[in-house]
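Single-structure report; data block below.
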Amino acid sequence: MVADLFSHVSHWVFDLDNTLYPPRVRLFDQIEVRMTNWVMQELGVDRDEADRLRNEYWRDHGTTLAGLMRLHDVDPAPYLHDVHDISFDALEPDPALASQISNLPGRKIVYTNGTAPYAEQVLSARGLSGLFDAVYGVEHAEFHPKPDRAAFEAVFARDGVKTEAAAMFEDDPRNLAVPHALGMKTVHVAPEPEPAEHIHHHTDDLTAFLNRLGTSENPDQLS
């Protein structure tokens, strides 16, 4: 049974963006626009170059912010405040997802490369407020981003995560490599699977996946 594969889990770690809401709402598009504008203003480059740098820093450093901090000594606080100043109107409450998360046994946390205040706004718009024992942002990892091992270690140590009894749900496959290495169950939440040794399961429907954890379905039905 699928439930057997997660029967040892007592600590549930969820990413935020494109994980606790479907990517089709394209909320992160707003953030990307604001990141590009910020890079243009801070580095004095045109939009095309700012877009290129934004993507390059995300690819090479885990987040655009990490690249800006490492290469340009940028202060993260004003950047994070600015890029997360977006509209949440595209988000809708999801009672079914809320019910499935509420039913999970053990401790439940959110860990995002965004900020905790931003995460709280997303959770509120999704009707998920109050379901998690803690919400952690990049500020709780001393601004180290996922997928850096130091970022996970900082947050997991802060929360007391016992990784051998934990599961991680994440849309970016890069961010599941360290949890896997630490002994966690890893679930890739995305429209399309990306096969990798560090990904145990893939789902394009988080609510349905969580529901299966309490059923007698064959684990082979989960890719």
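Observations, loosely collected:
- Listed peptides 77-84, 106-113 by packing density, highest first (mean Cβ within 10 Å): 106-113, 77-84
- To put it simply, the accessible area of the stretch 1-136 at a 1.4 Å probe is 47 percent carbon and sulfur.
- Along the chain, counting only GluC sites (Glu not before Pro) with a DSSP assignment other than H, G, I, E or B and at most 12 other Cβ atoms inside a 10 Å radius, the longest segment between sites is 1-141.
- Most fluctuating residue given options 168, 184, 40, as computed from a GNM of the chain linking Cα atoms under 10 Å: 40
- The Rg/Rh ratio for the stretch 68-122 is 1.11, where Rg is the radius of gyration of the alpha carbons and Rh is the Kirkwood radius.
- Using only alpha carbons, the stretch 30-80 has a radius of gyration to Kirkwood radius ratio (Rg to Rh) of 0.91.
- Taking the square roots of 5 times each eigenvalue of the Cα gyration tensor of the stretch 140-194, largest first, gives ellipsoid semi-axes of 19, 14, 8 Å.
- Take every pair of alpha-carbon atoms less than 8 Å apart whose residues are at least six positions apart; their mean separation over the length of the stretch 1-147 yields a relative contact order of 28 percent.
- Percent of Cα pairs exceeding the 28 Å cut-off, where the set is the chain: 28
- Taking every protein chain into account, the accessible area of the stretch 78-223 amounts to 44 square angstrom per residue (probe 1.4 Å).
The values are calculated or read from the model by the stated rules, or taken from the named source; none is laboratory data. Computed from a predicted structure; not experimentally measured. Glycine gets a Cβ as well: all are built from the backbone with ideal geometry, and neighbour counts include every protein chain shown. Calculation scope for accessible area: heavy atoms of the full protein, side chains included, ligands and nucleic acids excluded. Shrake-Rupley method; radii C 1.70, N 1.55, O 1.52, S 1.80 Å.
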